[in-house]
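The values are calculated or read from the model by the stated rules, or taken from the named source; none is laboratory data. Model, not experiment: these values are computed from the prediction. Here the Cβ positions follow ideal geometry from the backbone for every residue, glycine too, while neighbour counts run over all protein chains shown. Just so you know, the surface numbers come from the protein's heavy atoms only, side chains and all, with ligands and any DNA or RNA stripped out. Shrake-Rupley method; radii C 1.70, N 1.55, O 1.52, S 1.80 Å.
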Amino acid sequence: MEKSHENVEAFGWAARDTSGVLSPFNFSRRVTGEKDVQFKVVYCGICHFDLHQLKNEWSNSIYPMVPGHEVVGVVTEVGSKVEKFKIGDNVGVGCLVGSCRKCENCDNDLENYCRDQIMTYNGVYTDGIPTYGGYSNIMVTNEHYVVHWPENLAMEAAPLLCAGITTYSPLRYYGLDKPGMHIGVVGLGGLGHMAVKFAKAFGTKVTVISTSVSKKDEVIDRLGADSFLVSRDPDQMQGAAGSLDGIIDTVSAIHPLLPLINFLKTHGKLVMVGAPEKPLELPVFPLLLGRKLVAGSAIGGMKETQEMVDFAAKYNITPDVEVVPMNYVNTSLERLLKLDVKYCFVLDIGNTLNKN
């Protein structure tokens, strides 16, 4: 049902400036409109993307900023024209809360590539109101940008809504999901460990490529990868040349692409999902000599995000998470910056976010 008043009281944690330090914050959500779903936030993942935005590293930050785009909760109210959800449903909201709904991308379920997409936080609605994310007690979102959260999928698996879809989508789109294929994964953070899990679920052979030999046991024993490659070992590099059908590169730091391209078979695909802040050097000759492809991918559209969540529930694919209380958020961000987590932090909003 719809309300007559203009907004809904909400509270969460926000950053006020480029220090990125979060503290309690009271604000308003819009009233639940006829196509809106209002839900109580239960868990919200802490994403590496949050670090960049909180500190204005991409020069587009809007303060005060309430981060969080891996949000899972329980529906408390639905608008009069909502068709897909009812009160009591478990739901999720990922990186998007709006798009134009009329461009070619939107027509093809690719809202994530719409030029007028509205981000879940650090965005602006068409009426000029800023978007606030899931580090908060409630969300109000148009039902088109809400996914059903399966009953058999743990709600603390919230990072599926960013890290999950960011790796699932390129594996699917670029055809790197065929049983028997050999897939490489570069980087072993929130994105990388999900790439390993999805690639294994698709029936591929998975090799993790890392600069650190210390991660080998963890990668094979904990994540189920088939093999481990130390990219600084010349003998291993030579032995693996031309062995991979595709690579998912999750690294957001500056790093050389030539060694990765050399790992690819003819027609192999190197897909970038990390976002280094400076341009990387791209050698062209190795691409020509093997008809190889360097490509990119960013999250997924709403249809594919629902497909990914359903797939994760069916095959019991969940991120490895450390659940923390709301008042631990700043420490969590500091640890995330140092990669001191296996592999994602998740805020226990439902039990630990208290009204200011």
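Name every residue in region 306-332 that is open to solvent by less than 10 Å² (accessible area, probe 1.4 Å), part of a helix (DSSP H, G or I) and aliphatic (A, V, I, L, M), in order of residue number.
Scanning region 306-332 gives MET308, VAL309, ALA312, MET326, VAL329.
Restricting the search to region 219-234, which residues are part of a helix (DSSP H, G or I) and under 20 Å from ALA253 (Cβ atoms)?
Hit for region 219-234 is VAL219, nothing else.
Could you tell me which of the residues VAL93, VAL8 is out of contact with any Lys or Arg (no Cβ under 6 Å at 6 or more places or on another chain), among the hydrophobic types (A, V, I, L, M, F, W, C) and surrounded by 13 or more Cβ atoms within 10 Å (Cβ to Cβ)?
Residue meeting the stated conditions: VAL93.
Scan region 283-305 residue by residue and report those that are open to solvent by 40 Å² or more (accessible area, probe 1.4 Å), touching a residue at least 60 places away in the same chain (Cβ under 8 Å) and in a loop (DSSP other than H, G, I, E, B).
Answer for region 283-305, where residues must be open to solvent by 40 Å² or more (accessible area, probe 1.4 Å), touching a residue at least 60 places away in the same chain (Cβ under 8 Å) and in a loop (DSSP other than H, G, I, E, B): just ALA298.
Every residue in region 71-111 that is assigned to a loop (DSSP other than H, G, I, E, B), under 21 Å from the mean Cα position of the chain (by Cα) and among the charged types (D, E, K, R), please.
Correct list: ASP109 only.
Residue check: is VAL206 surrounded by 19 or more Cβ atoms within 10 Å (Cβ to Cβ) and part of a helix (DSSP H, G or I)?
No: the conditions fail for VAL206.
Taking only pairs six or more apart or across chains, which ones have beta-carbon atoms under 7 Å, a first residue in region 127-141 that is open to solvent by less than 10 Å² (accessible area, probe 1.4 Å), and a second residue that is among the aromatic types (Phe, Trp, Tyr) and in a loop (DSSP other than H, G, I, E, B)?
Qualifying pairs under 7 Å: THR131/TYR121; THR131/TYR125; GLY133/TYR121.
Could you please tell me which pairs satisfy a Cβ distance under 9 Å, a separation of 6+ or placement on different chains, a first residue in region 201-215 that is in contact (Cβ under 8 Å) with a residue 60 or more places away in the chain, and a second residue that is assigned to a helix (DSSP H, G or I)?
Close Cβ pairs (under 9 Å, with a partner that is assigned to a helix (DSSP H, G or I)) amount to ALA201/PHE311; ALA201/ALA312; ALA201/TYR315.
On the given criteria, is GLY20 of a type outside the set (A, V, I, L, M), on the phi > 0 side of the Ramachandran plot, open to solvent by less than 30 Å² (accessible area, probe 1.4 Å) and in contact (Cβ under 8 Å) with a residue 12 or more places away in the chain?
When the stated conditions are applied, GLY20 passes them.
Among the candidates TYR121, TYR168, single out the residue that is among the hydroxyl-bearing types (Ser, Thr, Tyr), assigned to a helix (DSSP H, G or I) and under 17 Å from the mean Cα position of the chain (by Cα).
Only one candidate qualifies: TYR168.
Tally time: how many residues in region 337-352 are modelled with pLDDT under 95, among the hydrophobic types (A, V, I, L, M, F, W, C) and either under 17 Å from GLY68 (Cα atoms) or exposed (fewer than 13 other Cβ atoms within 10 Å of the Cβ) (or both)?
Residues that pass the stated criteria total 1.
Of the residues LEU260, LEU280, only one is out of contact with any Lys or Arg (no Cβ under 8 Å at 6 or more places or on another chain), surrounded by 18 or more Cβ atoms within 10 Å (Cβ to Cβ), under 30 Å from CYS95 (Cα atoms) and at pLDDT 95 or above; which?
LEU260
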